[in-house]
Amino acid sequence: MDQLDTTADQIRAEFEQMNTARDQAYQRSRELISLCARAIRAIHREEWRPAETLIAEAQKASQVMVEGVRDYPNLYHAGYTQDAVKEFVEANLTYALVRNLPLPTPADLNTEGSTWLNGLAEAATELRRRILDIIRHGHSDEAERLLDVMDQIYSQLVTFDFNDSITGGLRRRTDTVRAVLERTRGDVTNSLRQAQLEEALKNVESRLKDNR
């Protein structure tokens, strides 16, 4: 029975270490999600320097969180851990898409491919907000560029026809991207027609003035 006590003590010590790692990962995941949310808000406000600073802080926070669960695969793949990493991916990709920069890869962000794709899907939906902010001030080529980006992202996401256990629920997010894309396309089309109508009216007014 001495061996039983020794073995039980060893397992208990392992569990205590894992429990500590779990508690730390959960707290760090919340902090990371908060940083990413603030970064995305700064992006929509065109506060580029604050956004870059927050993304840099998020990168450090992500590294610390991932490093803390590296020895515990079940904690690394836990929902709260991967959700936080997904938010980190989303913030980075949203910044790149809005600024028309090259997209950081999964390797660049130290993340799994499935998490990167889910972050990409959510970044695509963030573009709707950006497009709406643009067309509120009048139609522009930038709104059309971002709409085309959304379309390209959806066209890629829809090709990943794998089980959710592999993709991390990508199919549901892809469906969301499709719905958001369709609504946004309608908004951009209406904005373009409005811009064309206003231009036509200005031309008519100009000709009328010239004929006076």
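The values are calculated or read from the model by the stated rules, or taken from the named source; none is laboratory data. Please read all numbers here as calculations on a predicted model, not as lab measurements. Counting neighbours? That spans all protein chains shown, and the Cβs are built from the backbone with ideal geometry, glycine included. Just the protein is used for accessible areas: all its heavy atoms, side chains included, with ligands, DNA and RNA removed. Shrake-Rupley method; radii C 1.70, N 1.55, O 1.52, S 1.80 Å.
Ser34 contributes an accessible area of around 50 Å² to the protein surface, as traced by a 1.4 Å probe with all chains present. Taking every protein chain into account, the 1.4 Å probe leaves Asp148 with about 80 Å² of accessible area, to the nearest ten. All distinct Cα pairs of the stretch 43-92 go into the 1/r average, and the inverse of that average, the Kirkwood radius, is 11.7 Å. Charging the Cβ of each Asp and Glu at -1 and of each Lys and Arg at +1, and nothing else, the dipole of the chain about its Cα centre rounds to 1180 debye. For the set Asp151, Asp9, solvent exposure ranked by accessible area (probe 1.4 Å, protein chains only) runs largest to smallest as Asp9, Asp151. Here the average projected area of the convex hull drawn through the C-alpha atoms of the stretch 56-171 stands at 7.7 nm².
Taking Cα centre as origin and charging only the Cβ of basic (Lys, Arg, +1) and acidic (Asp, Glu, -1) residues, the dipole magnitude of the stretch 43-108 rounds to 80 debye. Here the contact order of the stretch 90-135, divided by its residue count and restricted to Cα pairs under 8 Å and six or more residues apart, works out to 45 percent.
Each label was represented as a point 7 Å from its Cα along the Cα-to-Cβ direction; for Arg185 and Val64 these points are 4.4 nm apart. Couplings 3J(HN,Hα) for the stretch 44-49, derived from phi with the Karplus relation 6.51 cos²θ - 1.76 cosθ + 1.60 (θ = phi - 60°), are 5, 8, 6, 8, 5, 5 Hz, where x marks Gly and Pro.
Farthest toward the dipole's positive end in the chain, which of Gly79, Leu97, Gln3, given Cβ charges of +1 (Lys, Arg) and -1 (Asp, Glu) about the Cα centre? Ranked along the dipole, the leading option is Leu97. Normalised per residue, the accessible area of the chain is 60 Å², obtained with a 1.4 Å probe and no contribution from ligands, DNA or RNA.
Of Met1, Met150, Met18, the residue with the largest accessible area leads and the full order is Met1, Met18, Met150 (1.4 Å probe).
Just the projected area, averaged over all directions, of the convex hull on the alpha carbon atoms of the chain: how many nm²? Write down the numbers at each step before the final one.
Numbers: hull surface 60.1 nm².
Hull-based average projected area comes out at 15.0 nm².
Each residue of the stretch 171-182 is assigned a 3J(HN,Hα), and the resulting list reads 4, 5, 5, 5, 4, 5, 4, 4, 5, 5, 4, 5 Hz, derived from the Karplus form 6.51 cos²θ - 1.76 cosθ + 1.60 (θ = phi - 60°), x at Gly and Pro. Within the stretch 11-56, none of the chymotrypsin sites (Phe, Trp or Tyr not before Pro) combine a DSSP coil assignment with at most 16 other C-beta atoms in a 10 angstrom radius. Spin-label pair Leu4-Ala96: with each label point 7 Å from Cα along the Cα-Cβ axis, the two points sit 5.6 nm from one another.
Across the chain, the relative contact order, built from alpha-carbon pairs under 8 Å that are at least six residues apart, equals 16 percent. For Arg12, Arg99, the ranking by accessible surface with the largest value first comes to Arg12, Arg99, using a 1.4 Å probe. With all protein chains in place and a 1.4 Å probe, the accessible surface of the chain carries 48 percent carbon and sulfur.
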